[in-house]
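Student: Starting off with a structure, shown below.
None of the figures in this text is laboratory data; all of them are computed from the coordinates on show. All values reported here derive from a predicted model rather than from experimental measurement. Note that we place each Cβ from the backbone using ideal geometry, even for glycine, and neighbour counts take in every protein chain shown.
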Ligand SMILES: [Zn+2]
């Protein structure tokens with residue numbers, strides 16, 4: 001089964017947090033155990049507010065990529081290039097500081113094979129305002145321009161960490177549907193990082209994609225999460241009509257704790273079993289596992 005995860009911080013954990021490989025949530029071996037066909041790895045700006053520091057951070061993280069490539073994963077530019085025989089790594093960026101200065105910077109990272117970009121992390125930057133902190137301003141003119149440049153290059157604009165005003169600005173001022181690489185549902189857990197039903201319905205109408213995050217604080221207000229809790233967020237998006245846009249956005253190696261029974265990609269088959277127990281058909285499981293992410297990339301590439 002084609003299985004895709006749309007967000008993990010393993011490169012950051014390896015290079016900037018100095019995590020020992022045997023302490024990682026994601027390793028090539030665990031990806032194989034879990035049958036992961038496509039792993040998206042984020043180049044995280046690391047909370048840097050200045051372009052030079054952000055760029056230095058992400059360039060260091062790029063140096064950790066051989067950890068996966070030397071273990072048989074190949075770098076791909078879209079999900080459809082990955083398969084069970086040739087599992088792939090897709091690069092994303094988390095935090096727009098390294099490309100906020102100009103459209104040329106967007107092209108620079110496109111040439112370095114980055115295909116998804118979250119405009120913000122947890123602090124305001126030149127592009128807009130984060131979900132964290134209660135900001136009500138939308139995207140800046142630079143934020144709109146960089147998002148449009150990304151879309152011209154068929155890169156995905158990622159709304160995870162972006163505030164709600166910025167989310168709606170993307171629909172107002174840009175021309176392709178954005179995605180949320182690692183976000184959950186506000187209706188089930190009132191965390192500012194989560195998406196409201198109105199946002200989810202808009203993403204369904206416009207053909208977006210939502211990778212459900214495995215962070216216990218986003219899944220449950222008491223931070224008491226297990227496989228069942230993750231399944232509830234997936235099923236909630238399906239209940240709203242989002243069977244064709246929901247997927248997995250683990251946030252592994254970026255979260256301090258994991259839901260019970262889901263400590264790494266090796267446990268994903270157990271999550272699919274919980275979805276089956278809720279009556280999901282195999283065709284629906286395949287969509288959630290990864291086909292929806294591939295279909296989203298087709299939509300932004302046409
Ligand atoms: Zn994040």
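Student: Would you mind calculating the gained length between residue 1 and residue 244 on full extension (0.36 nm times residue separation, minus the Cα-Cα distance), in nm to one decimal?
Tutor: Values: separation 243, 0.36 × 243 = 87.48 nm, distance 1.62 nm.
Gain on extension, residue 1 to residue 244, equals 85.9 nm.
Student: Fewest first, what order do 189, 215, 206, 184 take by the number of other Cβ atoms within 10 Å?
Tutor: So the residues, fewest neighbours to most, are 206, 189, 215, 184.
Student: First measure r as the distance between the Cβ atoms of residue 270 and residue 224, then evaluate 1/(1 + (r/R0)^6) with R0 = 22 Å and state the FRET efficiency to the nearest 0.05.
Tutor: 0.75
Student: Could you tell me whether the stretch 4-301 comes out rounded, prolate or oblate from its Cα gyration tensor? Rule is a ≥ b ≥ c as square roots of the eigenvalues, rounded for a/c under 1.5, then prolate if a/b exceeds b/c, otherwise oblate.
Tutor: rounded
Student: Please rank 22, 239, fewest neighbouring Cβ atoms within 10 Å first, as an exposure proxy. Show your work: numbers first, answer last.
Tutor: Values: 22 6, 239 13.
Least to most surrounded, the residues fall as 22, 239.
Student: OK, next. Any chance you could run the full-extension gain for residue 112 through residue 137? It's 0.36 nm times the residue separation minus the Cα-Cα distance, nm to one decimal.
Tutor: Roughly 5.9 nm would be gained on extension.
Student: With runs of 4+ DSSP H residues as the only contributors, calculate the mean residue ellipticity of the chain at 222 nm using -39,500 (n - 2.57) per run, divided by the residue total and rounded to the nearest 500.
Tutor: Details: 13 runs with 111 residues, N = 302.
Taking each H run of at least 4 residues, the total per residue is -10000 deg cm²/dmol.
Student: Take residue 84 and residue 154, extend 7 Å from each Cα along the Cα→Cβ direction, and tell me the distance between the two endpoints in nm.
Tutor: Distance between the two pseudo-spin positions: 2.7 nm.
Student: Say each of residue 69 and residue 299 gets a label point 7 Å from the Cα, pointing the same way as Cα to Cβ; how far apart are those two points in nm?
Tutor: The two pseudo-label positions are separated by 3.1 nm.
Student: Using the basic label-point model (7 angstrom from Cα toward the beta carbon), what is the residue 281 to residue 101 distance in nanometres?
Tutor: 5.3
Student: Within the stretch 87-129, what residues put their amide N at less than 15 Å from the label point 7 Å along the Cα-to-Cβ vector of residue 175?
Tutor: none
Student: Ranked highest first by the average count of other Cβ atoms within 10 Å around their residues, in what order do 242-253, 29-40, 218-229 fall?
Tutor: By packing density, highest mean first, the sequence is 242-253, 29-40, 218-229.
Student: Now for a different question. What order do you get for 173, 296, 209 when you list them from fewest to most C-beta neighbours inside 10 Å? Walk me through the intermediate numbers first.
Tutor: Details: 173 15, 296 25, 209 28.
Ranked by crowding around the Cβ, least crowded first: 173, 296, 209.
Student: Express as a percent, rounded to the nearest 5, the fraction of DSSP beta bridges in the chain (both residues included) that run antiparallel.
Tutor: So the antiparallel bridges in the chain amount to around 5 percent.
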